[in-house]
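Worksheet: one structure, shown below.
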Amino acid sequence: MATRSKVNVMSQPLRKLALVIGIGDYESGEKLNNTQKDARDMSLKLDRMGFISDGPKLDLTCKEMETALVNFKYSIREGDIVLFYFSGHGTQWE
């Protein structure tokens, strides 16, 4: 039975999913100049390559970014091709 489900998954066309986030306006007051442009450009390229996305998500708050990541995570199915692109500052907490 397990072999059958693997065959079914593999016989279905793979979906290409992308989550693109660009954050350039930080609560600390710091601004990055190119993050929105980079995210928009990447989103357009990925759309042309057949990726499914909601377009770029720009200047999200921490809570909005968490929601976007969780929603994206739960949209993924076995066999999907998944790409995550982030333009902005990386930070580490604790």
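The values are calculated or read from the model by the stated rules, or taken from the named source; none is laboratory data. Keep in mind the model is a prediction, meaning the values are calculated, not measured. We place every Cβ from the backbone using ideal geometry, glycine too, and count neighbours over all the protein chains shown. All accessible areas refer to the heavy atoms of the entire protein, side chains included, with ligands and DNA or RNA removed. Shrake-Rupley method; radii C 1.70, N 1.55, O 1.52, S 1.80 Å.
Observations on the structure shown:
- Hits in segment 16-74 - residues which are among the charged types (D, E, K, R), surrounded by 15 or more Cβ atoms within 10 Å (Cβ to Cβ) and assigned to a loop (DSSP other than H, G, I, E, B): 59
- Segment 75-94, subset open to solvent by less than 60 Å² (accessible area, probe 1.4 Å) and over 12 Å from the mean Cα position of the chain (by Cα), residue nearest to residue 24 (Cα to Cα): 88
- Selection of segment 48-94 for residues being more than 13 Å from residue 19 (Cβ to Cβ) and of a type in the set (D, E, K, R) yields 48, 59, 63, 77, 78, 94.
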